[in-house]
Amino acid sequence: MTTALAGCLGGDDDGLTIGHLAPMNNVLGVGSDRTAQIAVEEINDNGGFNGEEATLETRDTRTEPSEAQSVTEELIQQEDVDVLVGTFNSETTQSILDLTSEFDVPFIITGSADPGLITDYVGDDYEEYKNVFRVGPINSDFQAESIADYCAYLSDRHGWDEVAFLRDNAAWTEPFGEHIPDLLDERGLSIVHEDALSIEIDDFSSVLSDVNDSDADFVLRFFAHIDAGEMLGQWAEAEYEFGIEGVSVPSMLPVYNAGAEGAATYETTSQSGAAGVSPITDRTQPFVQDYADRYQDEEDYPTRAPMYMGFNTYDGISVFKEVVDEIETTNTRDNLDDFVAAMLGIDFTGVAGQVTFYGEDSDYPHDVQEEREDGTITNYPMTQWTGIEEIECVYPEKHRTAEHQMPHWMQ
């Protein structure tokens with residue numbers, strides 16, 4: 001798949017090429033590709049990247065490491081890309097790190113949260129993998145801390161202290177499995193049931209039964225590969241006496257609750273940019289409005305907002321523009337040290353939050369930094385479905401548009 005957004009503002013003969021990697025059979029990939037198109041079009045129309053217009057080349061990773069390797073090699077060897085942006089799941093991202101470092105191609109991760117993508121590569125061999133940065137989301141270690149603080153908010157608001165902890169049996173949730181129990185214990189909450197579910201699960205009857213038998217006040221779940229629509233339907237119909245909280249990537253789709261016929265009402269999920277319902281920065285809501293104006297009549301979802309990867313992809317390309325303007329060249333592969341130095345000095349207001357990166361000597365070199373206010377992480381907001389199409393930001397306080405609601409049958 002190629003998105004040609006090109007021109008000639010006076011760059012080198014080869015031109016500037018941005019490679020975008022995403023699962024195009026997934027709504028996350030579609031949203032990410034659309035925001036990449038918006039970012040490149042806007043920048044091309046406003047002076048370009050250090051005076052050059054860019055061509056955007058999107059390739060479908062199909063969420064398969066082998067396919068990701070194949071299309072990444074094509075982008076590097078045949079399209080001679082100056083930067084790579086994207087990738088969704090951690091396994092796919094990991095599969096191309098060696099390729100990008102071998103050819104000195106800057107790689108800006110926008111959809112994978114696994115800390116190991118940074119610590120096990122940039123952290124373990126800085127010179128080899130210094131080309132790799134993550135612009136968002138914040139890594140799963142920081143997500144775990146933020147979620148634990150959110151659970152403390154639920155405890156204060158509703159008296160919910162007992163937790164059923166469920167997650168994808170996948171690499172991205174391993175930090176949650178490692179950190180969540182201790183983090184909740186430190187905040188006075190107890191895990192009364194825990195399970196890592198197969199990403200192929202399609203029958204949630206026993207899962208709901210186990211949670212119900214545990215007397216948990218709420219489910220804290222981390223689902224990206226699992227679409228728990230059936231689980232929500234059974235939960236709402238039976239009016240189980242527990243809430244459903246945490247992270248659900250499928251629930252970030254703006255039409256998800258309508259598709260679930262309202263069964264997702266009261267569930268929560270984290271979302272980069274709070275899905276545009278809260279002014280995270282002064283750029284957030286205008287960005288979402290622009291996206292909706294462009295795509296609301298399209299047949300393929302997402303149409304009203306791009307979902308979390310799209311926010312980060314837009315910011316990643318915007319940061320790239322700032323950096324090449326600073327180093328005064330788009331030939332990043334031959335000027336990688338200058339590119340890296342400029343990236344480490346960036347302090348950029350994006351649509352998902354403020355973008356700054358950890359330095360070489362940190363625990364997470366080249367990872368996007370978490371934002372904090374009074375010790376609380378603020379760039380991992382939680383949203384809650386409050387109606388078929390209505391959604392609110394319920395955490396953190398800095399970005400809250402409404403207080404969290406417990407299900408009406410529990411009130």
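The values are calculated or read from the model by the stated rules, or taken from the named source; none is laboratory data. None of the values given here were measured: they were computed from a predicted structure. No Cβ is skipped: glycine too gets one built from the backbone with ideal geometry, and neighbour counts run over all protein chains shown.
Data overview
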{"item": "Exclusive hit being in contact with an Asp or Glu (Cβ under 8 Å, 6 or more places away or on another chain) and closer than 22 Å to Glu174 by Cα, set Asp203, Asp195, Asp215", "result": "Asp195"}
{"item": "Residues of the range 255-279 that turn out to be more than 25 Å from His158 (Cβ to Cβ) and either among the hydroxyl-bearing types (Ser, Thr, Tyr) or crowded, with 24+ Cβ neighbours inside 10 Å (or both), as a count", "result": "3"}
{"item": "Single match in Val192, Val219 (criterion: under 20 Å from Ile147 (Cβ atoms), outside any loop (DSSP other than H, G, I, E, B) and more than 27 Å from the chain's Cα centre (by Cα))", "result": "Val192"}
{"item": "Residues of the range 19-46 that turn out to be under 20 Å from Gln271 (Cα atoms), out of contact with any helix residue (DSSP H, G or I) (no Cβ under 7 Å at 6 or more places or on another chain) and outside any helix (DSSP H, G or I), as a count", "result": "1"}
{"item": "Flag if Asp104 is touching a Leu at 6+ places or on another chain (Cβ under 9 Å), more than 23 Å from Arg34 (Cα to Cα) and of a type in the set (D, E, K, R)", "result": "yes"}
{"item": "Test: residue in the range 123-131 that is crowded, with 24+ Cβ neighbours inside 10 Å, at pLDDT 95 or above and either among the polar types (S, T, N, Q) or under 23 Å from Gly353 (Cα atoms) (or both)", "result": "yes"}
{"item": "Leading residue by the ranking (surrounded by the most Cβ atoms within 10 Å (Cβ to Cβ)) among those in the range 70-120 that are among the charged types (D, E, K, R) and within 21 Å of the chain's Cα centre (by Cα)", "result": "Asp114"}
{"item": "Residues within the range 154-163 that are under 16 Å from Ile191 (Cα atoms) and either under 24 Å from the mean Cα position of the chain (by Cα) or not in a strand (DSSP E or B) (or both), tallied", "result": "5"}
{"item": "Test: Ile201 is β-branched (Val, Ile, Thr), touching a Leu at 6+ places or on another chain (Cβ under 7 Å) and surrounded by 16 or more Cβ atoms within 10 Å (Cβ to Cβ)", "result": "no"}
{"item": "Selection from the range 109-129 of residues that are more than 14 Å from Tyr308 (Cβ to Cβ) and either of a type in the set (Gly, Ala, Ser) or touching a Pro at 6+ places or on another chain (Cβ under 8 Å) (or both)", "result": "Asp114, Pro115, Gly116, Ile118, Val122, Gly123, Tyr126"}
{"item": "Answer from Ala224, Ala228 - the residue that is under 26 Å from Glu371 (Cα atoms), in the same structural domain as Gln405 (by TED's automatic domain parsing) and within 21 Å of the chain's Cα centre (by Cα)", "result": "Ala224"}
{"item": "Candidate set: the range 132-148, residues that are charged (D, E, K, R) and in a helix (DSSP H, G or I); chosen: the one modelled with the lowest pLDDT", "result": "Asp141"}
{"item": "Exclusive hit being touching a residue at least 24 places away in the same chain (Cβ under 8 Å), in contact with a Lys or Arg (Cβ under 7 Å, 6 or more places away or on another chain) and under 15 Å from Gly246 (Cβ atoms), set Leu183, Leu154, Leu166", "result": "Leu166"}
{"item": "Selection within the range 260-301 - in contact with a Phe, Trp or Tyr (Cβ under 6 Å, 6 or more places away or on another chain) and of a type in the set (Gly, Ala, Ser)", "result": "Ala264, Ser270, Ser272, Gly273"}
{"item": "Qualifying residue in the range 375-394 (condition: in the same structural domain as Glu145 (by TED's automatic domain parsing), surrounded by fewer than 16 Cβ atoms within 10 Å (Cβ to Cβ), over 24 Å from Thr17 (Cα atoms) and of a type in the set (Asp, Glu))", "result": "yes"}
{"item": "Members of the range 164-189 found to be over 21 Å from the mean Cα position of the chain (by Cα) and at pLDDT below 95, listed by number", "result": "none"}
{"item": "Cross-chain or 6+ apart pairs with Cβ under 7 Å, the range 360-373 first and within 14 Å of Gly345 (Cα to Cα), then part of a loop (DSSP other than H, G, I, E, B) and of a type in the set (A, V, I, L, M)", "result": "Pro365/Val122; His366/Val122; Val368/Val135; Val368/Ile138"}
